[in-house]
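Take a look at the structure below.
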């Protein structure tokens, strides 16, 4: 304890205040001021970015994600600047953060590709929630779009989650983008049936169905003289919501009407000829 007494006698309280407490206290206070002011500026920047994205009508999910990431990055920047005000060497800290970020990026490269694709989907909006689409070989109604994946609900009520990189990297078919759809049907009749009568029946059936749109005009035409049938293309335009109902109803009605009118719908047949050498 003698050496402590000697040290206390050799250094006066004024020297301790001037050489240690005052400089360190000033640096700590300055670092706190920098941290508080930096946080305020960071919050203002985040709010400004979110406000601009809101005015641009960016999807809320992307807006929230950008706000979270930007806030975290600005917080790290403010902490680094505050530590530098204490006289600490932040170069090694920045290097460590960079190496950690690189390692995390390499470990999560697949997730980052899904994220990038999710951002593109949200920005370009090839489809929205509720649309009936076909992506990556799966067809269904879009149930939810997240940053990393898209969830589809199939007609038989299965829920399929597709990674966004698979969605954006493949062909996307949106059946709900337009209000109307064209129904493409092929109807074949036998060569012995009355072609003009069959065409008139098809035209009358389309004209009498209220769900078939008058504009664009529907089309019925002979498309092919096939091996065992004369084929008509039947192309009515309908509302997208009526597509399947019209297709099913029209298919059944054509068969019943042709049967009633004596028009034969051929089916594949094979003639076998046996040569008897006797």
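The values are calculated or read from the model by the stated rules, or taken from the named source; none is laboratory data. Please read these numbers as outputs of a predicted model, since none were measured by experiment. Because the Cβ atoms are built from the backbone with ideal geometry, glycine has one as well, and the counts that use them run over all protein chains shown.
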Residue 202, sole failed condition from (1) surrounded by 13 or more Cβ atoms within 10 Å (Cβ to Cβ); (2) not in a helix (DSSP H, G or I): (2)
Residues that are out of contact with any strand residue (DSSP E or B) (no Cβ under 7 Å at 6 or more places or on another chain) and within 15 Å of residue 206 (Cβ to Cβ), drawn from the stretch 223-246: 242, 245
Filter pass, residue 254 being touching a residue at least 12 places away in the same chain (Cβ under 8 Å) and part of a helix (DSSP H, G or I): yes
So residue 196, is it at negative phi, at pLDDT 90 or above and surrounded by 13 or more Cβ atoms within 10 Å (Cβ to Cβ): no
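Being at pLDDT 95 or above and either surrounded by 18 or more Cβ atoms within 10 Å (Cβ to Cβ) or touching a helix residue (DSSP H, G or I) at 6+ places or on another chain (Cβ under 6 Å) (or both) is the requirement here; does residue 233 meet it? Please lay out each step first, then the result.
On the way: at pLDDT 95 or above: yes; either surrounded by 18 or more Cβ atoms within 10 Å (Cβ to Cβ) or touching a helix residue (DSSP H, G or I) at 6+ places or on another chain (Cβ under 6 Å) (or both): no.
No; evaluated as a whole, the condition is false for this residue.
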